[in-house]
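Engineer: Can you keep this structure in mind? I'll have questions shortly.
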Amino acid sequence: MRSIKILLIDEDVDFGMVLKNYLLLNGYNVTFTSSVNDISLLISSSRFDLSIVDSKLITTSRTEFIDSVRKNNNDFPVIFLSEEILLEDVFEINKIPLVDYCFKKPFSTEVLIEKIKGIIKSKEREHNKRFSAIEYTIGDFTFNYRTRQLSFKGEEPRRLTPKESKLLKYLSEYKNAIMPKAIALTKIWRDDNYFTSRSMDVYITKLRKYLMCDENIAIVNVRGEGYKLLDNTVQSA
């Protein structure tokens, strides 16, 4: 089973290291930093499942902070830690999905572990629900994952290969957002290495060719991260 990756951010290095070691003992993969300035670099270089953040480090509003860390991952859960919980902060946080603001220092680490488990399970349920979709609209294209058929404006459909179909499904699920290359490689090719990466590039080229008759659709390479299926009909809607 894949280890859950947690980004832990706390200005108290001693407290942060104690919490990191506790999370490691419970089987989590933890990256710790005491500087909020490291967040952008860490998030861009690795895909985390969840973040635990000391609210004292945040100089903007909680909403602005969440927007900044969710640029490439819209369902990135965040748990805020605080020495003081203010009512106005609770109201602000409650408006943001997948955010918790219920841990006042000091807190029970056992309760934190249960909260992490609950958040991850909820995220996985939502992920499975989202990826159970069968038919997708991509600009003027209709893509049926079950039959592997891609049709343009009701014309005779093209039948995709199994790998083409799986790849287009993942791109469609992340439409107008970055589809991490590592996720597609491990889910479809079952391995993330140089050869599978080159194979995936070939399939991306094929899909671009299939979709080129719709000028509102494009598959762009986001260097070092993955691919993005751009659908300008959605952006302009």
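The values are calculated or read from the model by the stated rules, or taken from the named source; none is laboratory data. Here the structure is a predicted model, which means the values were calculated and not measured. Glycine gets a Cβ as well: all are built from the backbone with ideal geometry, and neighbour counts include every protein chain shown.
Engineer: Working only within the range 192-206, note down all residues that are at pLDDT 95 or above and β-branched (Val, Ile, Thr).
Structural biologist: Val202, Ile204, Thr205 - these are the residues of the range 192-206 that are at pLDDT 95 or above and β-branched (Val, Ile, Thr).
Engineer: Please go through the range 27-47 and give me each residue that is surrounded by 15 or more Cβ atoms within 10 Å (Cβ to Cβ), touching a residue at least 40 places away in the same chain (Cβ under 8 Å) and not charged (D, E, K, R), ordered by number.
Structural biologist: Answer for the range 27-47, where residues must be surrounded by 15 or more Cβ atoms within 10 Å (Cβ to Cβ), touching a residue at least 40 places away in the same chain (Cβ under 8 Å) and not charged (D, E, K, R): just Tyr28.
Engineer: Within the range 186-195, does at least one residue satisfy the condition of being within 22 Å of the chain's Cα centre (by Cα), within 27 Å of Ser45 (Cβ to Cβ), basic (Lys, Arg) and surrounded by 18 or more Cβ atoms within 10 Å (Cβ to Cβ)? Reasoning before the result, please.
Structural biologist: Keep residues of the range 186-195 that are within 22 Å of the chain's Cα centre (by Cα), which gives 186-193.
Subset that is within 27 Å of Ser45 (Cβ to Cβ): 186-193.
Restricting the remaining residues to those that are basic (Lys, Arg) gives 187, 190.
Keeping just the survivors that are surrounded by 18 or more Cβ atoms within 10 Å (Cβ to Cβ) gives none.
Checking the range 186-195: not a single residue is within 22 Å of the chain's Cα centre (by Cα), within 27 Å of Ser45 (Cβ to Cβ), basic (Lys, Arg) and surrounded by 18 or more Cβ atoms within 10 Å (Cβ to Cβ).
Engineer: Does the range 60-76 include one or more residues that are assigned by TED's automatic domain parsing to the domain that holds Glu124, at pLDDT 80 or above and in contact with an Asp or Glu (Cβ under 9 Å, 6 or more places away or on another chain)? Show your work before the answer.
Structural biologist: The initial filter retains those residues of the range 60-76 that are assigned by TED's automatic domain parsing to the domain that holds Glu124, namely 60-76.
So of that shortlist, the ones also at pLDDT 80 or above come out as none.
Checked the range 60-76: no residue is assigned by TED's automatic domain parsing to the domain that holds Glu124, at pLDDT 80 or above and in contact with an Asp or Glu (Cβ under 9 Å, 6 or more places away or on another chain).
Engineer: Moving on. Hand me the list of strands (runs of 3 or more DSSP E) wholly inside the range 130-237 holding 3 or more residues that are aliphatic (A, V, I, L, M).
Structural biologist: Numbers: elements: 135-138, 141-144, 149-152, 178-180, 217-222, 226-231.
It comes to 217-222.
Engineer: Return yes or no: is Lys209 surrounded by fewer than 18 Cβ atoms within 10 Å (Cβ to Cβ), at pLDDT 95 or above and out of contact with any Lys or Arg (no Cβ under 7 Å at 6 or more places or on another chain)? Reasoning before the result, please.
Structural biologist: Values: surrounded by fewer than 18 Cβ atoms within 10 Å (Cβ to Cβ): yes; at pLDDT 95 or above: yes; out of contact with any Lys or Arg (no Cβ under 7 Å at 6 or more places or on another chain): yes.
Judged against the criteria, Lys209 is a match.
Engineer: Next up: Take Val53 and decide whether it is within 19 Å of the chain's Cα centre (by Cα), modelled with pLDDT of 80 or more and under 16 Å from Pro106 (Cα atoms).
Structural biologist: On the way: within 19 Å of the chain's Cα centre (by Cα): yes; modelled with pLDDT of 80 or more: yes; under 16 Å from Pro106 (Cα atoms): yes.
So Val53 fits the description; yes.
Engineer: I've got another one for you. Within the range 144-157, can one find any residue that is in contact with a Leu (Cβ under 9 Å, 6 or more places away or on another chain), more than 30 Å from Phe48 (Cβ to Cβ) and among the charged types (D, E, K, R)?
Structural biologist: The initial filter retains those residues of the range 144-157 that are in contact with a Leu (Cβ under 9 Å, 6 or more places away or on another chain), namely 144-145, 148-150, 152, 157.
Remaining after also requiring more than 30 Å from Phe48 (Cβ to Cβ): 144, 148-150, 152, 157.
Next, from what is left, pick out any that are among the charged types (D, E, K, R): 148.
Yes: one or more hits.
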